[in-house]
Amino acid sequence: MSLRHKLAEERFIVFKEISWTGVVTCFSLYCIVFLAVRYEMEMEGASHTQSRLGLLMFILPGAIAALNVRRTPLIVAILGALLATPACMVLLHLHFFRAIALMQEMAFMTSAIFWCGSGALGVMLWRMLLTGRE
């Protein structure tokens, strides 16, 4: 086996361990939460000055996807969120809402991906604490 072939094989070893069922689960739940939170933000309008806890809802897709996967829960959650975000943005701007400033959109998307990953990290911590006690 040549060195080039080995390097190409090692580069994609991470993708062999990914549960695509978990990615699809995270993708679906992320889209549902994304559209629900954005719809709720649109209905409240710009005059709403209280804190918005809607971004915390993005913990759910990451946590549920991580519960479905044993080996790579964080990668599955982040990959699902990264794949779902452009799809949600296209759907959002084609059918539902008015345009918002690009920097504001980027901040919202980055926060949503962060909270999705945090849900997966929470499940990983929970599993580690439970297996440590046994």
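Would you say residue 24 is modelled with pLDDT of 85 or more, over 14 Å from residue 113 (Cβ atoms) and open to solvent by 70 Å² or more (accessible area, probe 1.4 Å)?
Spelling it out, residue 24 is indeed modelled with pLDDT of 85 or more, over 14 Å from residue 113 (Cβ atoms) and open to solvent by 70 Å² or more (accessible area, probe 1.4 Å).
Would region 103-111 turn up any residue that is hydroxyl-bearing (Ser, Thr, Tyr), out of contact with any Gly (no Cβ under 7 Å at 6 or more places or on another chain) and at pLDDT 90 or above?
yes
Per-residue answers, yes or no, for (1) in a loop (DSSP other than H, G, I, E, B); (2) within 14 Å of the chain's Cα centre (by Cα); (3) among the small types (Gly, Ala, Ser):
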residue: 70; (1), (2), (3): yes, no, no
residue: 78; (1), (2), (3): no, yes, no
residue: 91; (1), (2), (3): no, no, no
residue: 95; (1), (2), (3): no, no, no
residue: 119; (1), (2), (3): no, yes, yes
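The values are calculated or read from the model by the stated rules, or taken from the named source; none is laboratory data. The structure displayed is predicted, hence computed values, not measured ones. Every residue, glycine as well, gets a Cβ built from its backbone with ideal geometry; the counts of neighbours run over all protein chains shown. Heavy atoms of the whole protein, side chains included, go into the accessibility calculation; ligands, DNA and RNA do not. Shrake-Rupley method; radii C 1.70, N 1.55, O 1.52, S 1.80 Å.
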